[in-house]
1. List every residue whose amide H lies under 5 Å from the amide H of Asn656, counting only residues 5 or more places away in sequence or on a different chain, with H placed 1.01 Å from N in the peptide plane.
2. Quick one: angle between helix 675-687 and the longest Cα principal axis of the chain, in degrees between 0 and 90, rounded to 10, please.
3. Using DSSP loop states and a limit of at most 15 other Cβ atoms within 10 Å to flag GluC sites (Glu not before Pro), what is the longest stretch of the chain containing no flagged site?
4. Hey, can you grab everything whose amide H is under 5 Å from the amide H of Lys373? Only 5+ residues off in sequence or another chain; H modelled, so Pro and N-termini drop out.
5. Per residue of region 503-515, in order, report the coupling 6.51 cos²θ - 1.76 cosθ + 1.60 (Karplus, θ = phi - 60°) as ³J(HN,Hα) in whole Hz, putting x for Gly and Pro.
6. What list of ³J(HN,Hα) couplings, whole Hz, do you get for region 722-728 from phi and the Karplus terms 6.51, -1.76, 1.60, once you set θ to phi - 60° and write x for glycine and proline?
7. Mind listing which chymotrypsin sites (Phe, Trp or Tyr not before Pro) in region 52-126 are in a DSSP loop and have 12 or fewer other Cβ atoms within 10 Å?
8. Just grab the label-to-label distance for Glu630 and Lys647, each label 7 Å out from Cα along the Cβ direction, in nm (one decimal).
Amino acid sequence: MTETFPLVCTRGVVVFPNQDIVIDVGREPSLQAVDNAQNNFENHIVLVSQKDITTDEPGLDDIYHVGTLCEVRHVRRFENFIRVKFRGLKRVRLNEWIQGNDSDMAVVDELVTYRQDETEEQALMRMIVDAYDHFTGADKFMSKDMMIELSKGVGPEGLSDKAVTALPISLDRKQAYLETLGANDRLEMLLADIEKEKKMGEVEKKINDTVKQRIDQGQKDYYLREKLNAIKEELGDVVEQDKDAEQIRKRLDENPYPENIKKKVKEELSRYEILPMASGETGVIKTYIDWLMDLPWWQETQDNQDLNQAQSILDADHYGLEKVKERILEYLAVKQMTNSLKAPILCLVGPPGVGKTSLARSVARALDRKFVKISLGGVRDESEIRGHRRTYLGAMPGRIIQGMKKAGVVNPVFLIDEIDKMASDYKGDPSSAMLEVLDPEQNSYFSDHYIEEPYDLSKVLFIATANYLENIPPALRDRLEIIQLSSYTDVEKIHIAKEHLLPKQLKENGLHASQLKISDDLLLYLIRYYTREAGVRQLERTIATICRKTVLAILKDNKKSIRLSKKLVHEWLGNEKVDYGHKEKKDQVGTVTGLAYTSFGGDILQIEANRFEGKGRLILTGQLGDVMKESANIALDYIKAHAKEYKIDPKLFETNDVHIHVPEGAVPKDGPSAGVTMTTALVSCFSEIPVKANLAMTGEVTLRGNVLPIGGLKEKSLAAYRSGITTILIPKENVRDLDEIPQEVKDAVEFIPVSTVKQVLKHALVA
């Protein structure tokens, strides 16, 4: 009879009828199938096994077509998976796999075990019970309870199903048992597998007997080696393992490994020599020994002592970035003076494209050190940092130790990229593991779970990079020396383009400097109207496109050289991509220009407020985060409390709904710095007084109307400057940050410090 049930594909597991089994279920289709079985199919579900356990999303061709109809007995739920106890009921054949609404479904037919020759059946049953009685190693594979149950006698249909679950046989072999419907056929298979295991036991006994005949009871070492030789003789493999051990001992003697490492390697080597070559443990031990011996324990490069040369290298690779260059030179100078100094832990924080990663490479070049990089973006597992314990299958060291092996020295420049992108889940918190790595007081004894021996990281110059300082946990941030890399100004971008980007792209595209001429005005035009970024990545791509077009024009149209013009730019790159100087053209009611700091640098943010007849509701749109929503509520409550001061009729709040919208609704926005902007927009909306178009503002607002300081003033100012804003209202406490603002911005923009909302409104509203 054909029936339909929810379907689960299992990895490395074959379930038999009348068998209880516990399986961890974690894949989404499987989770849905278990829920569907419980809710709609009286706990009945079909389990089929995958052919390849590594396949994450199996299809019809990836699974066996004979499985087991099971009953869900018990479900225990965890954070990312569930643990389910299944009871096998009967064999079924999969006819069709249906993608259902609630879960994947299996259309199956029941497969019934049939009896064969009764005399043969009885003989086979007797032979199997007798084989188990004389099977000295049977207790390794099955419990005493199962042995007793078999001796009492079980039906021929169930005997093979019960016994096979305990035998150490392959997945394919277990599936063959499941697909075999003849009772006698299954008994024959079982008898053959038992006999195979008995023969393997006899071989083991023969090896032990051979060893016992050769040994001198008074010499333990001699006994172990003779046993090893006997095993190797039986396997026909005597030479290779001895050669490996000899080479390892030679390396230990010839190189200045620390004493604890020598001791550890010798211990593992003793175990390695005892085990047979075919043993799985042999490979595990050999891999561990190789890791211990390949790691740099004493190898070290000499730092460049010429400070002027280091300065020249840093200046040649990067324009600007004076603070970080100065810090590197300070480190070199102090190290040279004291001759012993632990390396600092630097963290470069700034928007994408400002040169954080390339700067780390330049530091390595300036110091004449090896360079190694790891990226922590998306890392959720602590073992990625500390490694896996050797008890796990496929265990390996963490990324730190892997990076040190790759570097081959104890003092590389080690770049930890995207340190703010780490996350945590049930597998642990990788940021906590990084605390030991990035603490100069602790990292001389760094502990990796795989290596098990302390490793000295104190000589490593760690450089971390991040886009957002706020996303780094406070405990980790405390261990870092923060260096801010801000957005580039237009003038800086022109210098970078002329001195670095253009020569690089000319070389990569096979051009000479005489074959492509780009004036400073054209570079500025490209920067303003074809890129919108804090760094220079998009600018480099744009220059690369122009270089490729130039090569094509020279080879195809027989041009000798190209002088770039606006006409040519439009022809090659299309129309302008970015609106430069985009701001409100005229004073408007309820529309205010705010300033935002994003991962891509600063940006202007138009905030719109409107009111209409209603019941006093506040409507917020534009994908606002929790903090920004709270700012909107604070702004509205402040205006309600001070309505008479701003000549607003209090009844309007009861009879009108207010709608605040931040355009670009697809982009999530959050943060408290839009408080003054929202307050100004609401006052303008209710009082119907326009807001000045050439003005922008930033600052957090309290319920009492105080304006609190904000971060990212430089980036926000640059954004306002690019947009043609001439006046910026900033919190009074941010006046100290004006020193970081480029002079060209301060010359073009008036900064007005404010401490209260009253002062904001005085400057923002049209008198």
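Laboratory data are not the source of any read-out in this text; all were calculated from the coordinates shown. All of these numbers come straight from a predicted model, not from anything done at the bench. Glycine also receives a Cβ, built like all others from the backbone with ideal geometry; neighbour counts cover every protein chain displayed.
1. Here Gly614, Gly616 satisfy the definition.
2. Roughly 50 degrees, rounded to the nearest 10.
3. The segment 80-299 is the longest one with no such site.
4. It is Leu415, by chain and number.
5. Coupling constants for region 503-515: x, 4, 6, 4, 5, 5, 9, x, 9, 9, 4, 6, 8 Hz.
6. Along region 722-728, the couplings run 4, 8, x, 6, 10, 9, 10 Hz.
7. Phe78
8. The two pseudo-label positions are separated by 3.5 nm.
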